[in-house]
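Below is one structure, written out as structure tokens, with a few remarks after it.
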Amino acid sequence: MPELPEVETVRRTLQELIVGKTISEVTVRLPRILQRPDDPPAFAAMLEGRTFTSVERRGKFLRLVMDGLVLVSHLRMEGRYGLHREGEPLDKHTHVIFRFTDGTELRYTDVRQFGTMHLFAPGEEFAAPPLKKLGLEPLGEGFTPEAFRQALGKRTTKIKPLLLNQEIIVGLGNIYVDEALYAAGIHPERSADALSRADKDRLHAAIVATLASAVDAGGSSIKSYVNGQGEMGMFQHRLKAYGRTGEPCEQCGQPIVKTVVGGRGTHACLRCQKPPRGASQPASSASAAASKRYGQGGRGKNAVKRRLDGDASAE
């Protein structure tokens, strides 16, 4: 599923491609994409004649702002937008087509067909699902260390599933939670209430640095993600933990292990991210073998600081 950096990259691309364009016609080829209204003729009638004025983002949701209307779009697993010339061959997974007066078309394709679209009068979208209960925006001005500490509170939930909870912090998914926790030197199974103030402040900085670096790289193309111009993201080449099972930690040489936390595959270095008592065991014995192969290494606050300092730079 596209996470915050990927959705932000799509937002920036669409901002360049469609702002100022006026919709002349809308074709809906898969009605279940529409949630509000769920009637294709009504949906099309509300949009025709509207002009896009900006493209915004809230968490993993796009807000396509028009004169007098806002389209809230969730890409889910495989949703994509692309700008085409009218008459170009249609992909068989094209589900919604926004035709413009200048002869171009914004096409929404979705292989998995999980994406959604909602229409609202401007401002009303924040008081209703799906945006109503979203938490802190991690790249927004309101995401301060104090706000982050308050959001975590004294919850006894493990930190990884807590960070994945969109009602606490928006936009974080499996990739960037693993990366931020690695950068902060915090094991994914530590409970939020067991984190010190210093731990939380370090994690706050790691979240911001990780997301900023990912946005700068255009997101991560782990499976099939591309932006609105068909370009892949490049952050997958900067990953330190996610997807690196058995590979040596760049700080200490200990192999990265994979466990399951909250039902999600989770990657960590057990030397740099000391596990709490009773933590899940690695998914295989490969990490033990790799440990002997790569040897032991040092760890400490300086190693964590190096990770934070290095996250914002390209490899």
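Below is a table of values for the structure above.
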| item | result |
| --- | --- |
| Selection within segment 142-154 - outside any helix (DSSP H, G or I) and at pLDDT 95 or above | GLY142, PHE143, THR144 |
| Any chance THR104 is within 30 Å of MET46 (Cβ to Cβ), assigned by TED's automatic domain parsing to the domain that holds PRO37 and in contact with a Leu (Cβ under 7 Å, 6 or more places away or on another chain) | yes |
| Every residue from segment 76-113 that is in a loop (DSSP other than H, G, I, E, B) and of a type in the set (Gly, Ala, Ser) | GLY87, GLY103 |
| Residue in segment 47-67 that is surrounded by 18 or more Cβ atoms within 10 Å (Cβ to Cβ), of a type in the set (Phe, Trp, Tyr) and either over 15 Å from GLU105 (Cα atoms) or touching a Lys or Arg at 6+ places or on another chain (Cβ under 6 Å) (or both) present | yes |
| Lone unmet requirement of (1) closer than 30 Å to LEU83 by Cα; (2) surrounded by 15 or more Cβ atoms within 10 Å (Cβ to Cβ) for GLY123 | (2) |
| Qualifying positions in segment 71-81 - among the aliphatic types (A, V, I, L, M) and either within 16 Å of THR9 (Cβ to Cβ) or crowded, with 21+ Cβ neighbours inside 10 Å (or both) | LEU71, VAL72, LEU75 |
| All positions within segment 34-64 that are within 14 Å of PHE98 (Cα to Cα), out of contact with any Leu (no Cβ under 8 Å at 6 or more places or on another chain) and in contact (Cβ under 8 Å) with a residue 24 or more places away in the chain | LEU34, GLU48, GLY49, THR51 |
| Single residue of VAL208, VAL257, VAL215 found to be more than 29 Å from ARG112 (Cβ to Cβ), under 21 Å from the mean Cα position of the chain (by Cα) and either modelled with pLDDT under 95 or not in a loop (DSSP other than H, G, I, E, B) (or both) | VAL208 |
| Which listed residue, of HIS84, HIS93, HIS74, is over 21 Å from the mean Cα position of the chain (by Cα) and under 18 Å from PHE114 (Cα atoms) | HIS93 |
| Residue within segment 160-179 that is more than 16 Å from the chain's Cα centre (by Cα) and crowded, with 24+ Cβ neighbours inside 10 Å present | no |
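The values are calculated or read from the model by the stated rules, or taken from the named source; none is laboratory data. Please read all numbers here as calculations on a predicted model, not as lab measurements. Cβ sites come from the backbone with ideal geometry, for glycine too, and all protein chains shown count toward neighbours.
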